[in-house]
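Down below is the structure, laid out as structure tokens.
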Amino acid sequence: MRMRGERLRVFSGTAHPRLAQDICSFMGVPLGAASLQRFPDAEINLKVECDVRGADVFVVQPTSPNVHEHLFELLSFADCLRRASADRITAVIPYFGYARKDRKDEGRVPINAKLVANMLTTAGYDRVVTVDLHAAQIQGFFDIPVDHLYARPVMIQRVRELEATNIKVVSPDIGGTKLARAYAKDLGCDLAIIDKRRISGEETVIEHIIGDVKGHDIVLVDDMVSTGGSIVDAARIVKQKGANKVFLVATHGVLAGNAIERLNNADVEKILFSDTIPLQDGKQLQRLEVVSMAQLLARAIDRIHRSESVSKLFETER
């Protein structure tokens, strides 16, 4: 009888094969062979090219930049692997799309984050691994285990190397206070918060800033940068209030719409994004530095495979 954990397989969809390959390199295992093509009408044609019977399988696939295409690839992998008699199937979703639709904030709207959770579970996934969910409560939308990893221990190593003095961490909105406070604690500095009001999906209005930023080098922290409007406005406001240098730090560089243009025109020293989303337009984004999550994800996968505690990763990083 084959016991769980005897064999490990890691596969990648088309969303971010480089990250999957980097994860495999850290783990010292080959990337699983799979053929993922498109029919002329864009339907997915998937075939796993290696034996997965009784294996512990991990599928690496952020649901960005094309959330619908990449989500369906992820669902197809689960169905394929389940029918091929894999023992356990884990979705490794570095960036979890639709995380901003986690509640009914007005009448007659869907809760898409819950819908995605239902689809992943129904498709056949036994477990989910993700990084810096936009809303942590999404873990409760799943009826399967969710390992919620934090990018901060990796990002903070690079933040400490920035040419910055008299640092103050700033959250670009009230919702990001918890994350910004964690960065401030790690850096041993104070925190300021920008109070903003959202008018639409692309437009926000800055009300005021809570805390003094004059004479400080500012580390602006957020979990994601989508259109770039909020964080660029925040950079402008802190500069107007007398801040010296401004550094932008975010886990997920979604970079939708004219985000690259906005960020290139922003008065900032450097931009730090992780590689949870492939930054194919990164060469167009000035002052960008990409921080890899591959080692963190590799260590998490290894611990899950060995039935060891994932939370220990963050205890040892502190």
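Things worth noting here:
- Residue 73 under 23 Å from residue 297 (Cβ atoms), charged (D, E, K, R), outside any strand (DSSP E or B) and touching a residue at least 60 places away in the same chain (Cβ under 8 Å): yes
- Matching residues, the range 82-109, being of a type outside the set (D, E, K, R) and under 19 Å from residue 137 (Cα atoms): 91, 92, 93, 94, 95, 96, 97, 98, 99, 109
- The range 111-166 - residue that is of a type in the set (Asp, Glu) and surrounded by 16 or more Cβ atoms within 10 Å (Cβ to Cβ) and, of those, farthest from residue 299 (Cα to Cα): 126
- Selection within the range 214-231 - part of a loop (DSSP other than H, G, I, E, B), within 17 Å of residue 64 (Cβ to Cβ) and not β-branched (Val, Ile, Thr): 226, 228
- The one condition in (1) surrounded by fewer than 21 Cβ atoms within 10 Å (Cβ to Cβ); (2) under 25 Å from residue 98 (Cα atoms) that residue 222 fails to fulfil: (1)
- Some residue of the range 225-246 being assigned by TED's automatic domain parsing to the domain that holds residue 274, acidic (Asp, Glu) and under 14 Å from residue 169 (Cα atoms): no
- Screening the range 232-318 for strands (runs of 3 or more DSSP E) wholly inside it with 1 or more residues that are out of contact with any helix residue (DSSP H, G or I) (no Cβ under 8 Å at 6 or more places or on another chain) returns the ranges 246-253, 270-274.
- Selection over the range 1-60 of residues that are surrounded by 15 or more Cβ atoms within 10 Å (Cβ to Cβ) and either over 20 Å from residue 80 (Cα atoms) or charged (D, E, K, R) (or both) gives a count of 11.
- Flag if residue 58 is assigned to a strand (DSSP E or B) and outside the structural domain of residue 256 (by TED's automatic domain parsing): yes
The values are calculated or read from the model by the stated rules, or taken from the named source; none is laboratory data. Given the structure is predicted, the values throughout are model-derived calculations rather than measurements. Using ideal geometry, Cβ is built from the backbone for each residue, glycine included, and neighbour counts are taken over all protein chains shown.
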